[in-house]
1. Just add up the charged neighbours of Val634: K/R +1, D/E -1, any other residue whose Cβ is under 12 Å from the Cβ of Val634.
2. Report, in whole Å, the centroid distance computed from the Cα atoms of the range 66-81 and the range 121-196.
3. Sticking with the crude label model, points 7 Å out along Cα→Cβ, report the distance from Lys519 to Ala189 in nm, one decimal please.
4. What Kirkwood hydrodynamic radius, in Å, does the range 320-458 give when the mean of 1/r is taken over all pairs of distinct Cα atoms and then inverted?
5. Put +1 on the Cβ of each Lys and Arg and -1 on the Cβ of each Asp and Glu in the chain; which of Ser175, Val457, Ala132 then has its Cα farthest toward the positive end of the dipole?
6. Scan the range 686-756 for trypsin sites (Lys or Arg not before Pro) in coil per DSSP, keeping those whose Cβ has at most 12 other Cβ atoms within 10 Å, and list them by number.
7. Once the dipole of the chain is set up with Lys and Arg at +1 and Asp and Glu at -1 on Cβ about the Cα centre, which of Val411, Gln3, Gly236 lies farthest towards its positive end?
8. Note down the magnitude of the dipole of the chain about its Cα centre, charges +1 on Lys and Arg C-beta and -1 on Asp and Glu C-beta and zero elsewhere, to the nearest 20 debye.
Amino acid sequence: MSQRHPTACILCSRNCGIEVEVADGHLTSIRGDARHPVSAGYLCQKAARLDHYQNHADRLGHPLRRRADGSFEPATWNEAIADVAARLRSIRDRHGGHALAFYGGGGQGNHLGGVGGAALMRAMRTRYHYSALAQEKTGDFWVNGRLFGSQTCHTTEDVERADVVLFIGTNPWQSHGIRNARTTLQEIARDPARTMIVVDPVVSETARLADIHLQLRPGTDAQLIAALLAVIVQEGLQDRAFLSARTTGFAAVAEALSGLDVDALCGTADVDPGQVREVARLVARARAACVRADLGLQQSLNSTLNSYLEKLVYLTTGQFGKPGGNNLHGHLFPLIKHSPPPGPGSPSWVTRASGVAEIAGLFPPNVLPAEIASEREDRVRALVVDSANPAHSGADAPAYRAALARLELLVVVDVAFTETARLAHWILPASSQFEKWEATFFNLEFPENTFQLRKPVFAPRAGTLPEHEIYRRILVAMGELPARFPLLEQAARAHRRFPGLGILAGALVATFALRPRLKAYGGMILQQTLGQTLPDGAQAAAPLWFAARLLAERSPEAVRRAGHRGKGAAALGEALFDALVSARSGVRFSVHTYDEMWAILRHADGRIHLEIPELLAQLLQLSSPPADAGRPFVLIAGERRSYNANTIYRDPGWRRNDPEGALRMHPEDALALGLADGARARCESARGAVEAVVQHAPALRRGLVTLPHGYGLDYPQGPGRRAHGPSVNELTDARHRDPLTATPFHKHVLVRITPI
Ligand SMILES: Nc1nc2c(c(=O)[nH]1)N[C@H]1C(S)=C(S)[C@@H](COP(=O)(O)OP(=O)(O)OC[C@H]3O[C@@H](n4cnc5c(=O)[nH]c(N)nc54)[C@H](O)[C@@H]3O)O[C@H]1N2
Ligand SMILES: Nc1nc2c(c(=O)[nH]1)N[C@H]1C(S)=C(S)[C@@H](COP(=O)(O)OP(=O)(O)OC[C@H]3O[C@@H](n4cnc5c(=O)[nH]c(N)nc54)[C@H](O)[C@@H]3O)O[C@H]1N2
Ligand code: SF4
Ligand SMILES: [Mo]
């Protein structure tokens, strides 16, 4: 019998555990890993096709340099590293760190390379970290910073233990985002004692299972949730004990809400006020209720305000800090930082051309083309892109392509020849996520958290390198990092033999005291030293040592409850590190109590600060969604369906249905335009147009159309390449965005549909 290797599906943030069999460089069998501590064998239909990620015609096998005529020629790694390092250094030295930016640095399942990406940013002397997270979640993070005292205070939702679950603008049946989504949803739907409420303009697969579906007018979440909150305050449904013990600022919130007209707001949202009142009572009176929101709320009109209002639903009703409620969660390795408001003395940066401040250490993809295209002396001139495809996934793809083509240096680190790579001066091929040690840091659970370090199941494809090695070589060539650390290497070996003596920690402290500049590269230095002592070449995992020690120091009880043993914080951290690097199917690293959750909160007074004056002012000035008689349809530009997974799969052959990424619309709307099911139509926004196959979808509201996310990639076919399906960002406008955070309003794009 052939051997089964534990690893994970890397297609969405869940990273479900899988067991695979391999032969001749292919994944020949994929099934759920019952030993994975979270997914426990669960998989969705997308995982079975992972060989289309590992093997496809666009995989890269050696560094590529762009020639003057736009074609590419292969180069050696030495040539590539030397040239990239020299050009980065030259642009930095001539123009300063503001001229350089980094984009991405980890997708859904590959976050270990982020250590190298962060180190490269330090070498580039830049804080410009552009990230897909800043085209969806930075509004949420910004609100968290105000409510809880730090943008790193991220909340999670205990859907599995809730009696009442409110899903706003998310379709977990397709997109997941919650544990074992389909099983979890079916359990709630089957249980007469539990209630599922869905707020979505579409009768989504999730809405179909709901007890109550509020099929609102798209883009009116702020109105609908404001109405819900107004009912809570006007009917006195708030949790007074919770509010007085745990929060400040409720009076100001209540004052803003008390004057709102529930019926008028529900009229704008086109939902039944009676149902909204019922939902308010259900949430407030439930033993445990939680709210889960995603892109339908965050990428729609009023994005940041929506995130605030959504959080007020569970905070005003006291459905927070308890089983079945919403909770703050701990982490092993934080994915985001806190960015204090910019200004004199603040470390935070603001983009030069568009004046947008970093949030959670991240900058929004929406403003990058303008930052590059600007005529300013201090514009962005060099960009390194890792694990992202902004020429396709960024709003206004034509503007993105034009801006990227203007850069003095574009370096793309990817496994595939992407739309973005095509514009690069250098393409650096990474080993795939099944060819190197990898992990996700999307461990966003409470009260229990788990982690899986994945061992490679294939040797690296010839000519590729893992990210940590790519970045190490660039840093050495830039003169930022020595090639070797002989003393630290010795200390690391001694530490592995006598872990109780603190040899490595002492040696690191001494090194950083002598050469303070190296401290910024601590994670990378651990990979070069401690990493060499780890079994099976697990070098990239060495920074977990620091994370494990820190966690054991800060939350020793939580680590012990998860089953790890060791006398004192250092020994406990060492034991945790050993467990993290050796458990192939994943391991629990912390189990918190609900009391401990309050220690995650960062306001000095230990309370949640409910009042956010800027957003309360915005709430009082809400207007109806924009309309345009010439573009009468609202397009949801980027729907999650059965066979899309961002752009992680390039080979269209992986799709079992919807190969052309249909334009879905209500049959009556379609027939009024003479569009039969399967007809071709043109979908045109103020920015651009795409063609697509029409699919009649009675699940949609009238006046609404949808296109899928992640289609329209081109792929070799015959002698050339062919694009498969509509590329939705040909239609989107980077200026159609939240004023505070610059996140896009992709769920509300006005379009005209015409038959072809
Ligand atoms: N199959 C699949 N799964 C994925 C991905 C994928 O590409 N494919 N991508 C992953 C990623 S990166 C992410 S961020 C998540 C996103 O996951 P989700 O946010 O759950 O996915 P979407 O389909 O983009 O949007 C969710 C719902 O929002 C609804 N919606 C649209 N407009 C509005 C509105 O104005 N108000 C409200 N209340 N709802 C609205 C849509 O009808 C849709 O049902 O999915 C992840 N999972
Ligand atoms: N209009 C519209 N636009 C959207 C959205 C929408 O709903 N509508 N959704 C937005 C959202 S939520 C997101 S998250 C983004 C996603 O868009 P992007 O941030 O661009 O990410 P992906 O499409 O997931 O691209 C991942 C890239 O990583 C590469 N890759 C895979 N494994 C590795 C690896 O091990 N190493 C390296 N170096 N590279 C690897 C893949 O080949 C691929 O090129 O799109 C956003 N864009
Ligand atoms: S795509 Fe499906 S199988 Fe893969 S991690 Fe997400 S939920 Fe799990
Ligand atoms: Mo996303």
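A short reminder: the numbers here are calculations on the coordinates, not readings from a lab. Keep in mind the model is a prediction, meaning the values are calculated, not measured. Here Cβ is always computed from backbone atoms with ideal geometry, including for glycine, and neighbour counts include all displayed protein chains.
1. +4
2. Result: 41 Å between the Cα centres.
3. 5.5 nm
4. Over the range 320-458, the inverse of the mean reciprocal pair distance is 17.9 Å.
5. Val457
6. Filter output for the range 686-756: Arg702.
7. Working it through, the farthest residue towards the positive pole turns out to be Gln3.
8. Working: 84 positive and 75 negative charges, 401 e Å.
It works out to roughly 1920 debye.
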